[in-house]
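Please read the structure below before turning to the comments.
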Amino acid sequence: MLGGTGKEGSGLALRWASAGHRIVIGSRAPERARETAAAINAQVGVERAEGADNLAAAASGEIVVLAVPFAAQLATLGEVKTALVGKILIDVTVPLMPPQVGRVQLPDGGSAVVRAQAMLGEGVRVVSAFQNVSAEHLKELGHAIDCDVLVCGDDREARAAAIALAQDAGMRAFHAGPLANSVVAEALTSVLITINRQYKVKHSGIAITGLPTEASDV
Ligand SMILES: NC(=O)c1ccc[n+]([C@@H]2O[C@H](COP(=O)([O-])OP(=O)(O)OC[C@H]3O[C@@H](n4cnc5c(N)ncnc54)[C@H](OP(=O)(O)O)[C@@H]3O)[C@@H](O)[C@H]2O)c1
């Protein structure tokens, strides 16, 4: 989990650790990563998380997740690029451009995650997911997550892996098409931030309707 000391990354890591996955929290500062890992282990009650620098975390992960601010996305990927070859990268990045985070502001090329795939090349299977899931949903294990996950990517097997991880973390998740479709999930987050402000809530989300209740990955 690159950027695993942050709000979104630590929340996802907590959920996955609770589901039985082993997690390596990555950070620019390994000590900070170890603190986050210790807090996750304490909350889960089992030693499933450990801390490392981002490069070591990327090297040890079977599936690598990126959860850093948009401004740090490409620089962080540049540091770990060689360790990602042959792996799936799940990119959670939303192209928020403070201070106007409630306004959709897409980067050149239209999508932060498409930009990541272009930078990493074909040797890394990039998947876009979790952009609409507020960290507020993730931090308490007993809290049911009232938000679905759109999973976009050009490789079906990689999308399926991200869907399975979302389900392990307690969410419904859906194949939402090629990586180019990630723009929709990325843009939706600014809409949700605006809704949060307007209605004084912390975790508005999205729900996909019209499907059989048991179909979360059709
Ligand atoms: N928060 C949410 O509710 C939420 C929901 C959906 C999607 N997202 C997206 O998920 C990503 C992470 O969000 P977040 O709220 O978790 O962010 P965050 O807490 O502000 O930052 C996450 C981590 O990124 C690292 N980082 C921060 N600035 C950096 C920099 N300049 N260079 C390199 N690393 C840096 C930090 O780790 P170290 O200092 O330990 O290296 C930090 O703990 C963002 O793209 C965000 O848009 C967030």
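At a glance:
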| item | result |
| --- | --- |
| Fraction of accessible area attributable to carbon and sulfur, the stretch 16-147 (%, probe 1.4 Å) | 53 percent |
| Computed E for residue 105/residue 167 - FRET, C-beta separation, R0 30 angstrom, nearest 0.05 | 0.45 |
| Alpha carbon centroid spacing (whole Å) that separates the stretch 123-187 from the stretch 1-62 | 18 Å |
| GluC sites (Glu not before Pro) restricted to the stretch 63-141 and DSSP loop, no more than 12 other C-beta within 10 Å | 122, 140 |
| Theoretical FRET efficiency, 1/(1+(r/R0)^6), r = Cβ-Cβ of residue 141 and residue 197, R0 35 Å, to 0.05 | 0.80 |
| Structure-based [θ]222 nm, the chain - -39500 (n - 2.57) summed over DSSP H runs of at least 4, per residue, nearest 500 | -13000 deg cm²/dmol |
| FRET efficiency, 1/(1 + (r/R0)^6) with R0 22 Å, evaluated for residue 119 and residue 55 via beta carbons | 0.85 |
| Only Lys, Arg (+1) and Asp, Glu (-1) charged, at Cβ; the chain dipole about Cα centre in debye | 440 debye |
| Extension gain (nm, one decimal) between residue 72 and residue 208, 0.36 nm per residue minus Cα-Cα | 45.9 nm |
| Unit charges at the beta carbon, dipole of the chain: most positive-side option, 153, 88, 204 | 204 |
| Virtual spin-label span in nm between residue 35 and residue 79, 7 Å along Cα→Cβ | 1.6 nm |
| For the stretch 1-90, size of Cβ-based charge dipole, Lys and Arg +1, Asp and Glu -1, in debye | 140 debye |
| Cα coordinate range in the chain, projected on the principal axes (Å, largest first) | 40, 39, 37 |
| Potential extension, residue 184-residue 46 segment - 0.36 nm per residue separation minus Cα distance | 46.0 nm |
| Lys/Arg +1, Asp/Glu -1 at C-beta; the stretch 31-178 dipole; positive extreme among 58, 46, 177 | 177 |
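The values are calculated or read from the model by the stated rules, or taken from the named source; none is laboratory data. Everything quoted here is computed from the prediction, not taken from an experiment. Neighbour counts are summed over all protein chains in view; Cβ atoms, including those assigned to glycine, are modelled from backbone coordinates with ideal geometry. Keep in mind that these areas ignore ligands, DNA and RNA; they rest on the heavy atoms of the full protein, side chains included. Shrake-Rupley method; radii C 1.70, N 1.55, O 1.52, S 1.80 Å.
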